[in-house]
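Taking it in order: structure first as structure tokens, then the write-up.
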Amino acid sequence: MALRDGRTISLLTVGAVTTVIAALTPVTAFAAGGDPLQQYAQQKLRWERCDAGGPAGFECAKVKVPLVYGNPGGRRIDLAISRIKAGSAKLRHGVLLMNPGGPGFPGLGLPVEMQPLLSAQVRERFDLVGFDPRGVGQSSPVSCGLTPDEQVYQRPYVEGKFAEDVARARTVADKCWAKSGDTLAHITTRNTARDMDVVRAVLGEQKISYFGYSYGTYLGAVYTQMFPRRADRFVLDSALDPALAWRGMFRGWSAGAELAFTRWTEWAAARNTAYGLGATAAEVRKAYWDLIAHADRTPVPVEGGVLSGDAIRSRYAEFVRVEAVTPWIVALKAAAAGGPAASAASAASAGATGVTGAAVSDATPVRAADEGAGARAADPVDPADLVAPVDPENNRAAVVWAVFCGDTRDWPRDPEQYRRDAIRDKARYPLAGDLGANIQPCAFWKRAAGEPATVVNNDVNALIVQNQWDPQATLAMAQGMRRALHGARMITVAGGEGHGVVVAGPSCASADVNRYLTTGRLPAKDLTCGN
């Protein structure tokens, strides 16, 4: 997760949590007429300080949950949770459970990380509760044993390399199932939502409030569908369209990228005196595609390596930040013409971090539906994420594919369908169409005894906050979430750039978010505000 000014929110070191044990109260799990999950609800948590060097009030514990909810008496896994208690016992309203996105992102540090982003009134009323979702971080983590090349989730469609892409996707699926298949089959959004409800019960709450970011908005929406009477105040920051889970989301980024690219060409043309990319939007567009064509013939030198045209295209999410991306394009254009190699500094100023070292690639390191604008290695499409360090333990990559492939049965099984879609989408969306439509490991993911994707369609109250120009959770995707949640309200930040509103710091939506969490009152109608 990253703040709007570029500072990255780092996950706290939560070392002590590994030694924390949640003891189960002796109960009869399968008494006649009893609820077999009651044994989990009656756990007594042992809270301990998360980290000797961390805040004194930051506590961690472990919760036991069933690996398979259809067999609650079977194998159990650990769920690591954390909290900072509400500032006022008198004003306390309940718990605010939080998810940082992903899939695959740990959330134990969120109570500390989110604390300064919430008003004093909110902090008085809520215990801030974080957790590592099942399979992630300190919650019974999984891995796939992938090579760095196998941890790439977006590749351009190239006719002569498609057979390699198919073989690689099959290998990723096979490796994941061979190493962790017995667990991966049960790492799904629906099961994580069930885990959240166990946490609610263990904490003694009738309802939970929730803050979810990026993929966390989908997780929150699934919870509202599965447990509508237990959902209190839900804030969804940078929302995904639940109807697109999940291949539709990959392909949906391409449409958003074209809109952002068109806006950028107009912005740069209006500033031709400063940047020299063209006096009209058409001239700026031509300058960019001439750069891509040149880089495909002769890769452009950058610090630490070179970039092909496909590698430059893979930074398509950059175009939502018009002031930042333009100097980077200018630097690449100069380097292509024989000038000095584009520097890491110019790339960083563009938001296009990672044109150095291992990041120099025609492919994108695996990310998931939710990472933030920081250096995360598993979330689709913020540029900084595209060049994030490869996850050495494959934990994020494993959870990414478990969720994306296991949540839905809609991934095509025929590789030729991906070929056709990649060709079609690239013709329609030249910037990134093939990157979103190319083949994925989900084509070969085993059909475990899974559930269909959740259809979100309910009247639960929620507040959706959304930047107009978000490369990951596009405005169209957030509008899809709004249509699915009939009781929600949506605040759009006009002109807002990047992935994340609340997580990025104060904005024109802040007062409404804090008011809703404090009082439970939604705005009377959907709003648009300007930063």
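What follows draws every value from the coordinates through simple rules; no lab data is involved. All values derive from a computational prediction rather than experimental measurement. Here the Cβ positions follow ideal geometry from the backbone for every residue, glycine too, while neighbour counts run over all protein chains shown.
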Computed label-point distance, nm, for sites Gln121 and Thr171 using a 7 Å Cα→Cβ extension = 5.7 nm
Please give the contour-minus-distance gain from Glu416 to Val158: 0.36 nm per residue of separation, less the Cα-Cα distance, rounded to one decimal in nm.
-> 91.5 nm
Over 32 Å between alpha carbons, listed pairs Lys161/Lys333; Lys207/Lys446; Lys44/Lys525; Lys175/Lys207; Lys85/Lys179; Lys62/Lys446 | Lys207/Lys446; Lys44/Lys525; Lys175/Lys207; Lys85/Lys179
For the peptides 295-308, 231-244, what is the packing order when you average, over each peptide's residues, the other Cβ atoms within 10 Å and list the highest mean first?
-> 231-244, 295-308
